[in-house]
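The values are calculated or read from the model by the stated rules, or taken from the named source; none is laboratory data. Being a predicted model, the structure only gives us computed values, none of them experimental. For neighbour counting, all protein chains shown are included, and Cβ atoms are generated from backbone atoms with ideal geometry for every residue, glycine included.
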């Protein structure tokens with residue numbers, strides 16, 4: 001097997017020395033790129049794009065052609081698992097994701113099975129294999145999944161929500177039912193991520209988009225516990241190389257110490273936390289990924305450069321930092337500004353790796 | 001002047017001894033009450049309700065007739081100030097608030113004046129006076145305002161937002177312009193709250209709904225600094241009694257120490273933070289108000305009671321706790337469940353005040 005030509009991401013996630021800080025952006029393949037919008041239109045629906053390995057590969061590669069990013073991330077959606085469970089995922093224009101059959105009762109929970117990734121989610125694994133072939137070892141490929149709690153919020157609500165009334169109703173009124181559901185989802189995520197690793201993913205990330213809406217106790221019991229279960233069940237090596245695992249709970253910065261104790265290699269950090277403080281709190285247990293406010297990309301390139309410099313200075317000297325936004329890049333950003341970010345990270349970070 | 005018949009709220013906010021923990025609920029006058037919906041319909045638009053002192057008084061009193069709450073809170077909207085500045089507030093059904101004239105340019109900022117509360121916002125002061133007369137010293141009345149940063153987000157965006165692209169664009173690209181705007185808004189809020197106090201508000205609360213979307217540095221510079229300016233400018237006494245000030249930044253629990261240093265009497269705490277930890281962090285500088293997850297009200301009364309007991313135990317013995325939700329009560333809650341919360345707080349808290 002050929003070695004990776006650019007292995008900065010993997011090395012930084014494992015806290016090994018690098019020449020400059022690696023950088024990628026959450027949602028780097030997405031709506032801010034006109035070439036993405038073109039393929040998206042051509043594909044038909046959003047799910048038509050996700051389920052077509054050739055088109056998923058094409059949009060995965062798009063930002064890499066524009067910017068000297070240090071990683072590719074699989075283009076997909078976090079809701080592929082509940083869709084494969086038979087809940088009937090669809091997208092209403094401007095409304096976000098919906099499920100035809102939300103999970104509300106014990107019978108609904110009992111009916112949930114663990115999807116076989118190489119059959120029901122084969123389109124994802126085919127995309128991973130195709131992207132790996134296309135990347136040809138130039139850059140590492142990141143695979144991902146939603147966290148069990150985050151997937152459960154959509155599965156129970158049946159749509160996006162501001163109040164989380166159904167899933168929190170279940171959490172407070174029937175906690176054991178929700179635990180059963182989360183266990184099934186966690187086993188599904190473990191199998192799904194292991195299949196992505198077998199298909200070629202060289203690092204994996206678990207997105208806990210909604211962990212931050214929980215109380216500290218409920219976060220531990222209903223979100224972190226199941227991410228821990230996944231981390232413990234993952235194949236952490238492929239082709240003789242370590243496969244780092246990144247956990248990201250948006251709004252979860254109060255709980256970094258507990259997240260670091262899961263055995264994950266790295267934590268995603270949103271922009272509400274000072275990276276110097278975060279590093280101090282987790283010590284040398286994990287690498288950190290983040291944490292520029294995505295809204296900085298609304299400012300002109302010279303200001304983006306200043307703000308990049310601030311984030312780099314906050315992390316300081318040494319490896320263990322993967323530069324990223326604190327959340328996904330927003331659709332109304334000028335692609336030039338994303339390029340300014342990537343260049344600034346490489347140009348300004350060498351001093352921290354001498 | 002007659003003394004307050006129930007002064008638990010004021011005493012707890014000032015960390016003086018009480019017999020039981022006082023309780024009120026953010027948005028206690030609101031859509032979960034059928035009697036509110038009736039008046040709301042009768043009024044016409046939401047702003048027709050806010051600008052009619054008799055109807056605003058009527059809905060302020062509604063929850064007090066149902067539940068043994070320890071405080072009334074003025075029924076109004078945080079966006080009355082920008083409306084009085086001439087931005088043209090209106091509400092689209094299901095869309096949240098909008099402004100006809102958002103503030104985007106230096107000319108827009110320069111055109112902003114500080115409204116005179118007794119003329120442009122007289123309807124609010126008339127409502128305060130009428131509610132005080134109607135309460136007849138049975139319970140204290142809480143006045144309130146949005147924080148300058150929170151008001152600025154709506155004023156610059158012109159509507160609700162998920163990305164805060166315009167206001168953060170201004171923050172990063174033209175920080176001095178935003179500072180000028182925030183200073184004008186802070187002076188307006190100070191005058192507005194002082195007028196509410198003069199009209200009869202016995203405690204005031206500043207709602208910083210969107211402070212949590214800022215980075216730690218930007219929170220300090222663009223939100224906390226202006227709340228500090230307001231706290232320093234408030235009349236903290238009326239009729240020989242102290243008027244406590246409460247600061248609440250949703251998602252701001254990482255910054256409690258800095259908030260406590262503003263000189264406010266109390267901090268609102270959302271449900272993402274353990275109240276025992278919050279108390280330990282702020283020490284005896286401030287009282288704490290919160291912090292039950294509003295979604296607990298989707299559970300049946302026996303579970304609500306258990307969760308109330310947990311919050312009370314977290315705060316522990318002694319005064320300085322005002323029980324509240326961690327955010328506003330949601331429209332789809334059964335009013336019976338709100339009643340279960342209020343009763344549980346009074347019944348279960350006496351043991352902490354012996």
Margin query: Of everything in the stretch A:244-286, what is surrounded by fewer than 23 Cβ atoms within 10 Å (Cβ to Cβ), touching a residue at least 60 places away in the same chain (Cβ under 8 Å) and within 14 Å of another protein chain (Cβ to nearest Cβ)? Give them in sequence order.
Written below: A:250
Check: What number of residues in the stretch A:298-328 are over 24 Å from residue A:252 (Cβ atoms), in contact (Cβ under 8 Å) with a residue 40 or more places away in the chain and either surrounded by 21 or more Cβ atoms within 10 Å (Cβ to Cβ) or within 8 Å of chain B (Cβ to nearest Cβ) (or both)?
Finding: 1
Check: When the residues of the stretch A:15-52 are filtered to those that are surrounded by 20 or more Cβ atoms within 10 Å (Cβ to Cβ) and farther than 24 Å from residue A:337 by Cα, which remaining residue is farthest from the chain's Cα centre (by Cα)?
Finding: A:18
Margin query: Just to verify a result, which residue in the stretch A:216-243, among those that are part of a loop (DSSP other than H, G, I, E, B) and touching a helix residue (DSSP H, G or I) at 6+ places or on another chain (Cβ under 9 Å), is nearest to the other protein chains (Cβ to nearest Cβ)?
Written below: A:234
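Which is more than 14 Å from chain A (Cβ to nearest Cβ), in contact with a helix residue (DSSP H, G or I) (Cβ under 6 Å, 6 or more places away or on another chain) and touching a residue at least 60 places away in the same chain (Cβ under 8 Å), of B:146, B:200, B:158?
Details: B:146 fails: in contact with a helix residue (DSSP H, G or I) (Cβ under 6 Å, 6 or more places away or on another chain); B:158 fails: in contact with a helix residue (DSSP H, G or I) (Cβ under 6 Å, 6 or more places away or on another chain).
B:200 is the lone residue from the list that is more than 14 Å from chain A (Cβ to nearest Cβ), in contact with a helix residue (DSSP H, G or I) (Cβ under 6 Å, 6 or more places away or on another chain) and touching a residue at least 60 places away in the same chain (Cβ under 8 Å).
Would you check if residue B:175 is closer than 26 Å to residue B:263 by Cβ and more than 12 Å from every other protein chain (Cβ to nearest Cβ)? Full working, then the answer.
On the way: closer than 26 Å to residue B:263 by Cβ: yes; more than 12 Å from every other protein chain (Cβ to nearest Cβ): no.
In short, no.
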Next item on the list: Spot the failing condition for residue B:295; the list is (1) closer than 25 Å to residue A:273 by Cβ; (2) buried (at least 24 other Cβ atoms within 10 Å of the Cβ); (3) more than 10 Å from every other protein chain (Cβ to nearest Cβ), and only one is missed.
Entry: (3)
Notebook entry, point to check: How many of the residues making up the stretch B:225-239 are touching a residue at least 12 places away in the same chain (Cβ under 8 Å) and farther than 22 Å from residue A:271 by Cα?
Noted result: 10
Next item on the list: Tell me, please, whether a residue that is surrounded by fewer than 20 Cβ atoms within 10 Å (Cβ to Cβ), at pLDDT below 95 and out of contact with any helix residue (DSSP H, G or I) (no Cβ under 6 Å at 6 or more places or on another chain) can be found in the stretch A:333-340.
Entry: no
Check: Looking at (1) in contact with a helix residue (DSSP H, G or I) (Cβ under 8 Å, 6 or more places away or on another chain); (2) more than 14 Å from chain B (Cβ to nearest Cβ); (3) under 29 Å from residue B:272 (Cβ atoms), which is the only condition residue A:290 fails?
Finding: (2)
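Let's see how each residue does on (1) within 14 Å of chain B (Cβ to nearest Cβ); (2) farther than 23 Å from residue A:110 by Cα:
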residue: A:180; (1), (2): no, no
residue: A:190; (1), (2): no, no
residue: A:196; (1), (2): no, yes
residue: A:205; (1), (2): no, yes
residue: A:208; (1), (2): yes, yes
residue: A:211; (1), (2): yes, yes
residue: A:214; (1), (2): yes, yes
Next item on the list: Give, as residue ranges, the helices (runs of 4 or more DSSP H) completely inside the stretch A:91-203 that count at least 1 residues that are within 18 Å of the chain's Cα centre (by Cα) and crowded, with 16+ Cβ neighbours inside 10 Å.
Entry: A:122-135, A:148-157, A:175-199
